[in-house]
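Notes follow once the structure below has been shown.
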Amino acid sequence: MESKLTGQEPAAKEQRAKRVNRTKLYDIIADLSSSSTTRMTDYEGARAEEAEPITFPSGGGKSFIMGSDDVLLSVLGLGDLADLTVTNDADYSYDLPANKDAFRKTWNPKYTLRSHFDGVRALAFHPVEPVLVTASEDHTLKLWNLQKTVPAKKSASLDVEPIYTFRAHIGPVLSLAISSNGEQCFSGGIDATIQWWNMPSPNVDPYDTYEPNVLAGTLVAHTDAVWGLAYSGIKNQLLSCSADGTVRLWKPQEKLPCICTYNGNKEHGIPTSVDFIGCDPAHMVTSFNTGSTVIYDLETSQSLVMLSSQIDSDLQSSNHINRVVSHPTLPVTITAHEDRHIKFFDNKTGKMIHSMVAHLDAVTSLAVDPNGIYLMSGSHDCSIRLWNLDSKTCVQEITAHRKKLDESIYDVAFHPSKAYIASAGADALAKVFV
């Protein structure tokens, strides 16, 4: 018996030594991975990290993705594209926390939203619940509760099934906005209407009978497809832009809901996207297919500032702007372009602050995180990219959707109060990352 035990001791020592070496190896790998940015491809079988969503830290402008110093100082994963970046001095400082590594976040795919039969054109999160709405070319909108999931067949991610389907549009639904209290939702369609919905409860039973009160009304004034919507909770106003050339301001509760019309004579072209100015909600910004971006005073209807970049008037197609967003707290406007660029403008002077080739194909969508520190862009190159706004560098790239007829990602969004991001694609899927 004794000889057996003594014979086992060297073996046990060897095991312990192996374990120590393995622990060292893990530490080295952890160090390496934390100092470089993450490129992550989401195949069907990719194992997503099962993490509970974390809420944003309050105050201090801390965001939920923080790059280490070398990440913030170098353009990563862009190769030769980095050399095509131009910039000027009129830059704004972004409220970065002192300890940049305090809150580094790498996004991983967790939820796949499957139910639409055609491309998902737009999505928007509820302001506080883990709930989102998607709008699709299959003529419907769907409501999803991320807490109601079923395990996916082939991977560690979770499949979500819709809890409600909104039906009123005739033809594809193109744009979407949710009110700041989460009680209403507005959708714009190719049918020129804006449908106004009362949001069902996040706990609605998908097998309940049809509820006619969900459709609150229809806003009719546009005569062609409604390409963009934006909502402001300050005066409970809605902005819409349409292929008919006009931008309209609505107060949905009024008897005559359309308060004002802009660009009535198509003086700037056809509007493609619209947003309220974050730091001054009495102003709005609209992008046009001609490549111009204009800031309007909502009350006087006057155009205040033309945001100008050096554009060649002969190259109409490459001038096309797909999306415009306003920074939530700084006087900065950001535009996404068909020619693969993202451009940054100073709202006060109208001058371009920065321009960069950001993707390998048209940039279709933009979203700024609620703290104003990170920008997310989506593109027909199938990738979502996250950018540090201070250094204008890419901190993560995620391959998220498959191509369909040369198109891929149509929309991206940050949750206003929880650590979720989402993308909507031509492949009829929406994906949520944690």
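The values are calculated or read from the model by the stated rules, or taken from the named source; none is laboratory data. Since the structure is predicted, the reported quantities are computational estimates derived from the model, not experimental observations. Cβ sites come from the backbone with ideal geometry, for glycine too, and all protein chains shown count toward neighbours. Side chains included, ligands, DNA and RNA excluded: accessible areas come from the protein's heavy atoms. Shrake-Rupley method; radii C 1.70, N 1.55, O 1.52, S 1.80 Å.
Before moving on, here are some points about what is shown:
- Meeting the requirement of 2 or more residues that are open to solvent by 30 Å² or more (accessible area, probe 1.4 Å), the strands (runs of 3 or more DSSP E) wholly within the stretch 206-270 are 215-220, 226-232, 258-262.
- Residue in the stretch 354-364 that is within 20 Å of VAL294 (Cβ to Cβ), within 14 Å of the chain's Cα centre (by Cα) and buried (at least 21 other Cβ atoms within 10 Å of the Cβ) present: yes
- Cβ pairs under 8 Å, 6+ apart, first in the stretch 180-195 and farther than 17 Å from CYS241 by Cα and in contact (Cβ under 8 Å) with a residue 12 or more places away in the chain, second of a type in the set (D, E, K, R) and surrounded by fewer than 24 Cβ atoms within 10 Å (Cβ to Cβ): GLY182/GLU129
- Unique match (being open to solvent by 10 Å² or more (accessible area, probe 1.4 Å), part of a loop (DSSP other than H, G, I, E, B) and among the basic types (Lys, Arg)) among LYS348, LYS431: LYS348
- Scanning the stretch 178-189 for residues that are part of a strand (DSSP E or B) and open to solvent by 10 Å² or more (accessible area, probe 1.4 Å) returns ILE178, GLN184.
- Filtered residues of the stretch 190-205 (kept if assigned to a strand (DSSP E or B) and crowded, with 16+ Cβ neighbours inside 10 Å): THR193, ILE194, GLN195, TRP196, TRP197
- A single entry from ASP138, ASP191, ASP159 fulfils the requirement of being of a type outside the set (S, T, N, Q) and more than 22 Å from the chain's Cα centre (by Cα): ASP191.
- Meets criteria (open to solvent by less than 10 Å² (accessible area, probe 1.4 Å), in contact with a Leu (Cβ under 8 Å, 6 or more places away or on another chain) and not in a strand (DSSP E or B)) for TRP144: no
- Taking the criterion of being buried (at least 24 other Cβ atoms within 10 Å of the Cβ) and either small (Gly, Ala, Ser) or touching a His at 6+ places or on another chain (Cβ under 6 Å) (or both), the residues of the stretch 384-412 that qualify are ALA400, SER408, ILE409.
- PRO212 without any contact (Cβ under 8 Å) to a residue 60 or more places away in the chain and more than 27 Å from VAL325 (Cβ to Cβ): yes
- Residue within the stretch 410-424 that is in contact with a Phe, Trp or Tyr (Cβ under 7 Å, 6 or more places away or on another chain), among the small types (Gly, Ala, Ser) and either free of Cβ contacts under 8 Å to residues at least 60 places away in the same chain or under 14 Å from ARG323 (Cβ atoms) (or both) present: yes
- Hey, CYS260 modelled with pLDDT under 90, in contact with a Ser or Thr (Cβ under 9 Å, 6 or more places away or on another chain) and among the hydrophobic types (A, V, I, L, M, F, W, C) or not: yes
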